[in-house]
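The values are calculated or read from the model by the stated rules, or taken from the named source; none is laboratory data. Quick caveat, the model's predicted, so the values are computed rather than measured. Methodologically, a virtual Cβ is constructed for each residue, glycine included, from the backbone with ideal geometry; neighbour enumeration extends over all protein chains shown. Just the protein is used for accessible areas: all its heavy atoms, side chains included, with ligands, DNA and RNA removed. Shrake-Rupley method; radii C 1.70, N 1.55, O 1.52, S 1.80 Å.
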2 protein chains.
Amino acid sequence: MADTDPLALPAFRGASCLVTGGLGFIGSNLALALRAGGAHVAVVDALVPEHGGDWRNLGDARSDISVTVAGIGDRDAVIPLLRRADIIFNVAGQVSHLESMADPLRDLDLNVRSHLAFLELVRDVRPRATLVHTSTRQVYGRPRYLPVDEEHVTTPVDVNGVDKLAAEQLHLIYAAVHDIPISALRLTNVYGPRQCLTRDGLGFLPVFVRRALMGETIQVYGDGQQLRDCLHVDDVVRAMALAALSPDAAGNVFNLGHDEALGLGTIARLVVDAAGGASTVGSVPWPPDHARIDIGSFRGDFSKAKRVLGWAPEVGFAEGIAATIAFYREHPWYLSST
Amino acid sequence: MADTDPLALPAFRGASCLVTGGLGFIGSNLALALRAGGAHVAVVDALVPEHGGDWRNLGDARSDISVTVAGIGDRDAVIPLLRRADIIFNVAGQVSHLESMADPLRDLDLNVRSHLAFLELVRDVRPRATLVHTSTRQVYGRPRYLPVDEEHVTTPVDVNGVDKLAAEQLHLIYAAVHDIPISALRLTNVYGPRQCLTRDGLGFLPVFVRRALMGETIQVYGDGQQLRDCLHVDDVVRAMALAALSPDAAGNVFNLGHDEALGLGTIARLVVDAAGGASTVGSVPWPPDHARIDIGSFRGDFSKAKRVLGWAPEVGFAEGIAATIAFYREHPWYLSST
């Protein structure tokens, strides 16, 4: 894993790929990896304020990637893109749990309605394209057992989780009923290059990274014992590629997780260490709005992805976070972007 | 159980009740039972074409029940109703599975977006009101085991199921996060008076009843062995009343089911018998659009409702369908309504 060079996916050489949300964190890493592998890459991104999408995420590859700024349900903008697409990676979405509780109708529109409109366009225009959808471990809610496998009940604890689950289920229904080769990946917490660091609400990892880089105290809620199995974005990108290429993926949902599950306090300390130890780790009581939608410890069982897709995470947290810190030191605008 | 007199719910005497979808099948039966018990009843109903809502469902009680024709997310119409409501029964919704596949965005707007807008209004205006939401066994999809309890995974097989599940989960999140005393009931197939008989797509029971009353052949799909635990609407109305009155209901979801699970062929024959035997039962292969979203046999485990609410079904199918047929013979407009 190089510090700043994107992963390359040569299996997609010459293929036409469409990445929704391709100016955002995971989408831009995927778009760059596809382009580095020789694919023709188009991106559609609504650049919704506060979602972390940024033209600069594509860096110098901007001239090689076709970018359309539009919502994924925008018929006029999306149909021409779909007509050319062999493989569609549907990554677009709003990820903030707190934001979804403050403005639930907006979350519904962004995370469900626009995806349903997009699926209808795919069904109309390009039903033979392979489609990989990014879902989230948030669909499970509070785990009943660990590690959580795909058979675990899905009882989300916030509006964002409900909406992401509905979108995932809609994707799988379009696979089953309309014979579109769609698969879905349930992501756990993801970190790595090209993540918006300056906004809270996009997960604890970018906040930890920002504070470590700024020399500020990382505040961990409660006792810091809650487990998370964090994934480096390169591992996620590889899983998306395998889901697109696997003949057995269609109609299935796969957990992506990591066998290295760490407490939040440990994660915070590893981030501080990776950044050179200038910042510290503190502890604060749970803010009430967070506590009400918190899920406790989580680790995902990814044996189905291993079995069907041949995927397993390759990047350990200490290694991945060191490369991540190095990336942001080379791209300091991520710390001042608004 | 009288043939045409509505159930009366004296426990609600003097209470202010709001019934959404109160001109429809279940909503009108509930509104009439509340009114007969001495409650002050207001109804809000969008009278969405093809949903089965009809002013005539309230019969002579129309003058005693305040009716507002509006969507449940309509702020100006709904806020004054919420301010007066002690107990809210949220029954509104679109129920057709096939319709949801043909126009999925409409189903999303009616079954999720409007409910989320309604919940936001409840949270703003009347967060202390008790709210009972009607969900559906459709949230389970194809049963993994029978009888299906509330711990069964929820994997809907059509857009309507996804949308109903999202709405139910949103209700329970508003209960947990915003402390609103909300419960949800997952209904199995319901029959009885005041059901729209003339439109297909509202379930097989009204179609069977219509064909029996018209002396037409009831066509059962496939071998007719699929099990269903049908509920008379009076049993559903009693469950809703118990959910509103029980101090332990809030935050919970309850299956409503029946221990009498019958094959579809048997159900058809019982409907024919109840109507006097003038019609017949036939068999046709599964239409492809139905087959793709069919769930096989279903019977619900309602032991949680029994334990927590003290509810069990009281109306057997033969008895209930006889009373239902008698009702429609006395109200023949149901057979010619469009």
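What to note about this one:
- Members of the stretch A:252-273 found to be open to solvent by less than 40 Å² (accessible area, probe 1.4 Å) and under 13 Å from A:Gly215 (Cα atoms), listed by number: A:Ala268, A:Val271, A:Val272
- Condition broken by A:Gly276, with the remaining ones in (1) assigned to a loop (DSSP other than H, G, I, E, B); (2) open to solvent by 10 Å² or more (accessible area, probe 1.4 Å); (3) more than 16 Å from A:Tyr328 (Cβ to Cβ) satisfied: (3)
- Selection status of B:His133, touching a Phe, Trp or Tyr at 6+ places or on another chain (Cβ under 6 Å), open to solvent by less than 30 Å² (accessible area, probe 1.4 Å) and within 14 Å of chain A (Cβ to nearest Cβ): no
- Residue tally, condition open to solvent by less than 60 Å² (accessible area, probe 1.4 Å) and assigned to a loop (DSSP other than H, G, I, E, B), over the stretch B:279-290: 2
- Failed condition for A:Val41, given (1) out of contact with any helix residue (DSSP H, G or I) (no Cβ under 6 Å at 6 or more places or on another chain); (2) at pLDDT 95 or above: (1)
- Tally, over the stretch A:166-191, of residues that are facing chain B (nearest Cβ under 10 Å) and β-branched (Val, Ile, Thr): 2
- Residues located in the stretch A:112-163, provided they are of a type in the set (D, E, K, R) and closer than 19 Å to A:Ala239 by Cα: A:Arg137, A:Asp149, A:Glu150
- Selection of first residues in the stretch B:68-80 that are in contact (Cβ under 8 Å) with a residue 12 or more places away in the chain and within 16 Å of B:Glu120 (Cβ to Cβ) and of second residues that are in a strand (DSSP E or B) and open to solvent by 30 Å² or more (accessible area, probe 1.4 Å), restricted to Cβ pairs under 6 Å at least 6 apart or on distinct chains, gives the following pairs, ordered by first then second residue: B:Ala77/B:Thr68.
- In the stretch A:144-157, residue farthest from the other protein chains (Cβ to nearest Cβ) [restricted to those that are open to solvent by less than 30 Å² (accessible area, probe 1.4 Å) and over 20 Å from the mean Cα position of the chain (by Cα)]: A:His152
- Tallying residues that are part of a helix (DSSP H, G or I), closer than 21 Å to A:Ala261 by Cβ and either more than 21 Å from the chain's Cα centre (by Cα) or not hydroxyl-bearing (Ser, Thr, Tyr) (or both) within the stretch A:292-324 yields 12.
- Pairs, first within 7 Å of another protein chain (Cβ to nearest Cβ) in the stretch A:104-120, second not in a helix (DSSP H, G or I), C-beta under 6 Å, six or more apart: A:Ala117/A:Gly73
- Which numbered condition B:Ala249 misses (of (1) open to solvent by less than 40 Å² (accessible area, probe 1.4 Å); (2) assigned to a helix (DSSP H, G or I)): (2)
- Scanning the stretch A:293-311 for residues that are under 27 Å from A:Pro156 (Cα atoms), touching a residue at least 12 places away in the same chain (Cβ under 8 Å) and either among the hydrophobic types (A, V, I, L, M, F, W, C) or open to solvent by 50 Å² or more (accessible area, probe 1.4 Å) (or both) gives A:Ile293, A:Ile295, A:Phe298, A:Arg299, A:Phe302, A:Ser303, A:Ala305, A:Val308, A:Leu309, A:Trp311.
- Condition check for A:Ala322 on (1) farther than 23 Å from A:Cys196 by Cα; (2) open to solvent by 20 Å² or more (accessible area, probe 1.4 Å); (3) aliphatic (A, V, I, L, M): one failure, at (1).
- Candidates B:Asp64, B:Asp86 - the one that is in contact with a helix residue (DSSP H, G or I) (Cβ under 7 Å, 6 or more places away or on another chain), within 28 Å of B:Ala8 (Cβ to Cβ), of a type in the set (Asp, Glu) and more than 14 Å from chain A (Cβ to nearest Cβ): B:Asp64
- Set B:Asp223, B:Asp163, B:Asp234, B:Asp229: member being touching a residue at least 12 places away in the same chain (Cβ under 8 Å) and within 14 Å of chain A (Cβ to nearest Cβ): B:Asp163
- Strands (runs of 3 or more DSSP E) (entirely within the stretch A:14-118) containing at least 3 residues that are open to solvent by 30 Å² or more (accessible area, probe 1.4 Å): A:65-69
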